[in-house]
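Working notes for the structure below.
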Amino acid sequence: MRTHYCGELDRPQVGETIGVCGWINRRRDHGGVIFVDLRDHRGILQVVFDPDDAEMFARAETLRNEFVLRVEGKLRVRPEGTFNPEMATGEVELLAHELEILNPSETPPFQLDDEDVHEDNRLRYRYIDLRRPEMQRRLRLRARVSQYLRGWLEAHDFLDIETPMLTRATPEGARDYLVPSRTHPGEFFALPQSPQLFKQLLMMSGMDRYYQIVRCFRDEDLRADRQPEFTQLDIETSFLDEDGITGLMEDMMRGLFAEVLGADVDDPFPRMRYAEAMERYGSDKPDLRIPLELVSVSDLLADVEFKVFAGPAQDPAGRVAALRVPGGNALTRKEIDDYTDFVGRYGARGLAYVKCNDVAAGRDGLQSPILKFLPDAAIAGIVERTGAESGDLIFFGADKARIVNESLGALRVRLGEDRGLLEPGWRFLWVVDFPMFEFDERENRWTALHHPFTAPATDDPQALAADPGGMLSRAYDMVLNGTELGGGSVRIHSMEMQQRAFEILGIGAEEAEEKFGFLLNALRYGCPPHGGIAFGLDRLVMLMADARSIRDVMAFPKTQTASCLLTQAPAPVNERQLRELSIRLRKAQGDAPA
């Protein structure tokens, strides 16, 4: 039906008879000559309909945006002075001598060049939204990323192996999506949150190196970088330690960014211990493009009379930290109040500050409601430790360490964005030496910081049981520009160690056998040391495409309420289907199902 794509035509084809197909991006009628910008996935070409061909011109007068056409004609150079440098085909145009309307279009619900379309409307008419050049570019980028990753992994002896989509529910941190079984009434499959256990079993099967670009499912509250179904690059290896795995993954990412974006990135990626990341940035995924750091000042304030500071400073679980904002004296009171409201979302009960008008003048050169509560030695120590200069502002957080880290860590990112402090470039980072467990005070039990199959930094099960709170794990996260791209670890390959980890997590022998018996059995039959990592493919492409959320790099995403506006899913099913699945809906008072 066509000889060329619209976006690939230029002067070398001038004089040739060309056939193109596409959608009308825009139609203009200029004094009896009709111009149509015809669009396909390669670009846009200007088509001219001359009134000399009365029959074709009459059909051209009926054309509207988003009509689907086939046009044949002679390619010519545009008249002098009408070149369009913003178009790749801006020096040529097609003089039509044949027009076929393949399909008309009703008036679309929004124009493709409208940047203010509500996202719900974009998702409801996703097939139109995907016609936009930006969305086309993003999905082509996604395809190139997947293609490169597959090629790289296969060139390094990784084997692409599929794992089941219908499996059993296992406690991995989020709620499972459940699938009722018709052939086993009252029983359910679960959609996989990840292929974690299966890829470990593959290593026990002697497959050595595995990968899979796989869909995963988690029934959890959503945000910009979460979806109920998402795509993961899943990787597992045998007989490699942390350095071997992370070194391979660095090479892969360096090659990907060089090939797809033409970008050079660090070699090697810097590494940072989890404790240092929390101390300096309040986050285990710090954005290194922002030149702001948290500074602990608890020791300077432990003995002051100001209990707002002294209480957390004396609490072993508390923290008082300062965040210096260069040039922050320019912040207005309203801006400071807005930042106070912002940290309140993270549990902070306030946001103290000191304005540094003239640091050389000591207390007299500072301005703050809290200065009257602080002795000169504490003030001088804070200014010195933060490196504050005249014209700066210092924010303070004082509370439980978790609240201080979360609130000031988020404030650090917000200030970096608001004040234009983001440095350009790609800043990769490995975060390592995570704690093995963290204590959940609400449930009064230990939980795994990563997952229950992560190996501790010891080969002695007794040492793990003796000090679960102080034990580090053999886990590692890859972070890029403040986003966690992937997380992985060396896995437990000893049945005794795995049982001990389950015990610490409150998973007794009976429950472990019920939920993980197949894994424990496999550990009895010669399990190799192994480890791996899983990357969020959607997040990776989101960053590479400079998109706002992973929804912008997925063809058919869900909304933040986990619904599909395009297909109106989820939707009720009829009673016959429910009976076949042995499901009965209980009725609450009234008519609504319970």
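The one condition from (1) within 24 Å of the chain's Cα centre (by Cα); (2) assigned to a loop (DSSP other than H, G, I, E, B) that Asp459 does not meet is (1).
So which residues in region 41-61 are touching a residue at least 40 places away in the same chain (Cβ under 8 Å) and more than 17 Å from His4 (Cβ to Cβ), if there are any at all? Spell out how you get there, then give the answer.
Initial filter on region 41-61 (touching a residue at least 40 places away in the same chain (Cβ under 8 Å)): 41, 43-50, 53, 56, 59.
Scanning region 41-61 gives Phe49, Asp50, Asp53, Met56, Arg59.
The selection criterion, being at pLDDT below 95 and either surrounded by fewer than 12 Cβ atoms within 10 Å (Cβ to Cβ) or under 28 Å from Ala258 (Cβ atoms) (or both), does not hold for Asp157. Scanning region 215-235 for residues being surrounded by 22 or more Cβ atoms within 10 Å (Cβ to Cβ) and aliphatic (A, V, I, L, M) gives a total of 2. For the structure I just gave you, tell me whether Ile533 is part of a strand (DSSP E or B) and either assigned by TED's automatic domain parsing to the domain that holds Asp208 or touching a residue at least 40 places away in the same chain (Cβ under 8 Å) (or both). So Ile533 passes the test.
Identify all residues within region 73-104 that are small (Gly, Ala, Ser) and either surrounded by fewer than 12 Cβ atoms within 10 Å (Cβ to Cβ) or not assigned by TED's automatic domain parsing to the domain that holds Arg26 (or both); write none if there are none. Matches in region 73-104: Gly81 only.
Here Trp152 meets the list (1) under 26 Å from the mean Cα position of the chain (by Cα); (2) farther than 21 Å from Pro557 by Cβ; (3) of a type in the set (A, V, I, L, M, F, W, C); (4) not assigned by TED's automatic domain parsing to the domain that holds Phe257 almost entirely, failing just condition (4). When the test is whether a residue is within 30 Å of Met135 (Cα to Cα), at pLDDT 90 or above, assigned by TED's automatic domain parsing to the domain that holds Leu537 and not β-branched (Val, Ile, Thr), Ala562 does not pass it. Whether any residue in region 377-388 is at pLDDT 95 or above, touching a Ser or Thr at 6+ places or on another chain (Cβ under 9 Å) and surrounded by fewer than 17 Cβ atoms within 10 Å (Cβ to Cβ) is what I want to check. Looking through region 377-388, at least one residue is at pLDDT 95 or above, touching a Ser or Thr at 6+ places or on another chain (Cβ under 9 Å) and surrounded by fewer than 17 Cβ atoms within 10 Å (Cβ to Cβ).
Results for (1) in the same structural domain as Asp241 (by TED's automatic domain parsing); (2) in contact (Cβ under 8 Å) with a residue 60 or more places away in the chain; (3) in a strand (DSSP E or B); (4) surrounded by 15 or more Cβ atoms within 10 Å (Cβ to Cβ), shown as yes or no for each residue.
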{"position": "Phe439", "(1), (2), (3), (4)": "yes, no, yes, no"}
{"position": "Arg442", "(1), (2), (3), (4)": "yes, no, no, no"}
{"position": "Leu464", "(1), (2), (3), (4)": "yes, no, no, yes"}
{"position": "Pro468", "(1), (2), (3), (4)": "yes, no, no, yes"}
{"position": "Asp477", "(1), (2), (3), (4)": "yes, yes, yes, yes"}
{"position": "Gly488", "(1), (2), (3), (4)": "yes, yes, yes, yes"}
{"position": "Glu496", "(1), (2), (3), (4)": "yes, no, no, no"}
{"position": "Gln499", "(1), (2), (3), (4)": "yes, no, no, yes"}
{"position": "Phe502", "(1), (2), (3), (4)": "yes, no, no, yes"}
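Within region 329-340, is there a residue that is charged (D, E, K, R), closer than 30 Å to Val479 by Cα, surrounded by fewer than 19 Cβ atoms within 10 Å (Cβ to Cβ) and touching a residue at least 40 places away in the same chain (Cβ under 8 Å)? Within region 329-340, not a single residue is charged (D, E, K, R), closer than 30 Å to Val479 by Cα, surrounded by fewer than 19 Cβ atoms within 10 Å (Cβ to Cβ) and touching a residue at least 40 places away in the same chain (Cβ under 8 Å).
Is it the case that Leu240 is at pLDDT 95 or above, part of a loop (DSSP other than H, G, I, E, B) and crowded, with 19+ Cβ neighbours inside 10 Å? Here the answer is yes, as Leu240 does meet what is asked.
Could you run through region 406-437 and say how many residues are among the acidic types (Asp, Glu) and crowded, with 19+ Cβ neighbours inside 10 Å?
Qualifying residue count for the region: 1.
Among the candidates Pro192, Pro164, the residue that is surrounded by fewer than 17 Cβ atoms within 10 Å (Cβ to Cβ) and in contact (Cβ under 8 Å) with a residue 12 or more places away in the chain is uniquely Pro164. Here's a check for you: in region 358-376, which residue that is closer than 18 Å to Leu301 by Cβ and either without any contact (Cβ under 8 Å) to a residue 60 or more places away in the chain or in contact with a Pro (Cβ under 6 Å, 6 or more places away or on another chain) (or both) is surrounded by the most Cβ atoms within 10 Å (Cβ to Cβ)? Of everything passing the filter in region 358-376, Leu366 is surrounded by the most Cβ atoms within 10 Å (Cβ to Cβ). Taken together, the residues in region 39-77 that are more than 30 Å from Pro109 (Cα to Cα), in a strand (DSSP E or B) and touching a helix residue (DSSP H, G or I) at 6+ places or on another chain (Cβ under 9 Å) amount to 2.
Just one of the numbered conditions (1) surrounded by 20 or more Cβ atoms within 10 Å (Cβ to Cβ); (2) farther than 22 Å from Gly488 by Cβ is not true of Leu540: (2).
Could you list, in sequence order, all residues of region 351-366 that are at pLDDT 95 or above and under 17 Å from Phe396 (Cβ atoms)? Selection gives Leu351, Ala352, Tyr353, Val354, Lys355, Cys356, Leu366. If you go through region 283-320 and pick out every residue that is of a type in the set (Val, Ile, Thr) and within 30 Å of Val432 (Cα to Cα), you end up with 4.
Would you confirm whether any residue within region 525-532 is touching a Gly at 6+ places or on another chain (Cβ under 6 Å) and either closer than 30 Å to Val145 by Cβ or at pLDDT below 90 (or both)? Checked region 525-532: at least one residue is touching a Gly at 6+ places or on another chain (Cβ under 6 Å) and either closer than 30 Å to Val145 by Cβ or at pLDDT below 90 (or both).
Applying the criterion of being within 38 Å of the chain's Cα centre (by Cα) and under 22 Å from Glu106 (Cβ atoms) to the residues of region 9-36, the residue that is surrounded by the most Cβ atoms within 10 Å (Cβ to Cβ) is Gly22.
The values are calculated or read from the model by the stated rules, or taken from the named source; none is laboratory data. From a predicted model like this one, the values you see are computed outputs, not experimental measurements. Please note: Cβ atoms are built from the backbone with ideal geometry, for glycine as well, and neighbour counts cover all protein chains shown.
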